[in-house]
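The values are calculated or read from the model by the stated rules, or taken from the named source; none is laboratory data. In this text, all values refer to a predicted model and were calculated from it rather than measured experimentally. Glycine gets a Cβ as well: all are built from the backbone with ideal geometry, and neighbour counts include every protein chain shown. The accessibility values were calculated without ligands, DNA or RNA, using every heavy atom of the protein model including side chains. Shrake-Rupley method; radii C 1.70, N 1.55, O 1.52, S 1.80 Å.
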Amino acid sequence: MLCDAHCHFFSSRFLELLSQPVPGLPESGRADAVASMLGWEPPGSAEALADRWVAELDRHGVARATLIASIPGDEGSVQAAVARHPQRFVGAFMFNPAAPDPAGRLKTLLEDRGLRMVALFPAMHRYRLDDPVVDSVFEAAAAAGAVVFVHCGVLTVGVRKRLGLPSPFDLRLGDPLAVAAVASRHPTVPIVVPHFGAGLLREALMAADTCANVLLDTSSSNGWMKYHPGLTLDAVFRQALAVAGPDRLLFGTDSSFFPRGWQQPVHDAQVAALTAANASADVRKRVLGGNFARLFPLS
Ligand SMILES: [Zn+2]
């Protein structure tokens, strides 16, 4: 069973919120205007986009996927997608704990609205992972049985660049060693570090090695490998399997918009790398879906 732990739900509301600072866009039909600037299909309603995703997953033989609401304020779109296809989608959301009332917002999103993964982007929202507010996020996740995702390493948001939006990120704030510190205080909360640490592979492996609740996602084309001379995806998988083991790697693609759709080439490259890393059929099964099913059991 193939499951994708990392997809972005680029809804109409997402495009509306993201493009607020872009001048000259119409107020009505704003999402469609942005989609057309980007050369994307207009996402339509959240329900229509959810159906588009299901058809796409069916076409590629993907059983389930995590959908990330990728800007604060767009959680309702992912909630609607999950409500429409609860057997296919797990709801995740970008969360800024530095904004007002983090505890109240989290309680609503996790307990009332049924979303299952909080996604933190400390470099984007510019807070430290050792800030007490981050502990409160982990406490809320523990109470709700939710997962916390922490983006570390290099962070680029392609759609922001395309729209000419500034991205004043502070990459020092996304450090897997800071994740390890908070992970060790909240051992019951599963924590996902995406893209093998996105350039901080060594630190991500150190975090996984010392904290049994840290998992790594394999998503995206892993372009960060350019920072490591000679590094190959085969070697990344071999090392991650050796350190984190086969139960703590989650397959993902980082798919996001249509018409590009689900990123089959990313999947194919990862399966080839797993094979080259001598992963057995059993290990491949765990990485490609078994670990996802354990982390996000169907209710
Ligand atoms: Zn992503």
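At a glance:
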item	result
Boolean, TRP40 is touching a residue at least 24 places away in the same chain (Cβ under 8 Å), farther than 30 Å from ASN291 by Cβ and either open to solvent by 10 Å² or more (accessible area, probe 1.4 Å) or within 16 Å of the ligand (Cβ to nearest atom) (or both)	yes
Of all residues making up region 161-202, the number that are of a type in the set (Gly, Ala, Ser), at pLDDT 95 or above and surrounded by fewer than 24 Cβ atoms within 10 Å (Cβ to Cβ)	5
Unmet criterion (only one of (1) open to solvent by 40 Å² or more (accessible area, probe 1.4 Å); (2) closer than 27 Å to ALA293 by Cα; (3) more than 16 Å from the ligand (Cβ to nearest atom)) for PRO72	(3)
Residue in region 203-221 that is of a type in the set (Gly, Ala, Ser), closer than 30 Å to LEU38 by Cβ and either more than 16 Å from the ligand (Cβ to nearest atom) or open to solvent by 20 Å² or more (accessible area, probe 1.4 Å) (or both) present	yes
Qualifying residues in region 20-37 (those that are among the hydrophobic types (A, V, I, L, M, F, W, C) and outside any helix (DSSP H, G or I)) - the one surrounded by the fewest Cβ atoms within 10 Å (Cβ to Cβ)	VAL22
Region 242-253, subset on the phi < 0 side of the Ramachandran plot and more than 13 Å from the ligand (Cβ to nearest atom), residue surrounded by the fewest Cβ atoms within 10 Å (Cβ to Cβ)	ALA242
Test for ALA98: is it among the small types (Gly, Ala, Ser), at pLDDT 95 or above and over 26 Å from ARG162 (Cα atoms)	yes
Residues located in region 85-105, provided they are under 21 Å from PHE10 (Cα atoms) and among the aliphatic types (A, V, I, L, M)	VAL90, ALA92, MET94
Selection count, region 62-89, where residues are in a strand (DSSP E or B) and basic (Lys, Arg)	1
Helices (runs of 4 or more DSSP H) (entirely within region 91-202) containing at least 2 residues that are within 16 Å of the ligand (Cβ to nearest atom)	122-125, 158-162
Qualifying position, being outside any strand (DSSP E or B), open to solvent by 10 Å² or more (accessible area, probe 1.4 Å) and among the hydrophobic types (A, V, I, L, M, F, W, C), among LEU17, LEU57	LEU17
Cβ-Cβ under 6 Å pairs, at least 6 apart or on other chains, region 155-180 side over 22 Å from ALA207 (Cα atoms), far side open to solvent by less than 70 Å² (accessible area, probe 1.4 Å) and part of a loop (DSSP other than H, G, I, E, B)	ARG160/SER167; LEU163/VAL22; PHE169/LEU155
Long-range neighbours under 9 Å by Cβ, at least six apart or interchain, first residue without any contact (Cβ under 8 Å) to a residue 24 or more places away in the chain within region 118-141, second crowded, with 22+ Cβ neighbours inside 10 Å and part of a helix (DSSP H, G or I)	none
Hits in region 41-79 - residues which are among the β-branched types (Val, Ile, Thr) and within 17 Å of the chain's Cα centre (by Cα)	VAL62, THR66, ILE68, ILE71, VAL78
Filtered residue count, region 160-197, keeping only those that are out of contact with any strand residue (DSSP E or B) (no Cβ under 9 Å at 6 or more places or on another chain) and not hydroxyl-bearing (Ser, Thr, Tyr)	18
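Listed here are the residues, each with its yes/no results for (1) free of Cβ contacts under 8 Å to residues at least 24 places away in the same chain; (2) among the aromatic types (Phe, Trp, Tyr); (3) farther than 24 Å from PHE14 by Cβ; (4) open to solvent by 30 Å² or more (accessible area, probe 1.4 Å).
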| site | (1), (2), (3), (4) |
| --- | --- |
| GLY230 | yes, no, yes, yes |
| ASP234 | no, no, yes, yes |
| SER255 | no, no, no, no |
| PRO259 | no, no, no, yes |
| VAL266 | no, no, no, no |
| ALA269 | no, no, yes, yes |
| THR275 | yes, no, yes, yes |
| ARG284 | yes, no, yes, yes |
| GLY289 | no, no, yes, no |
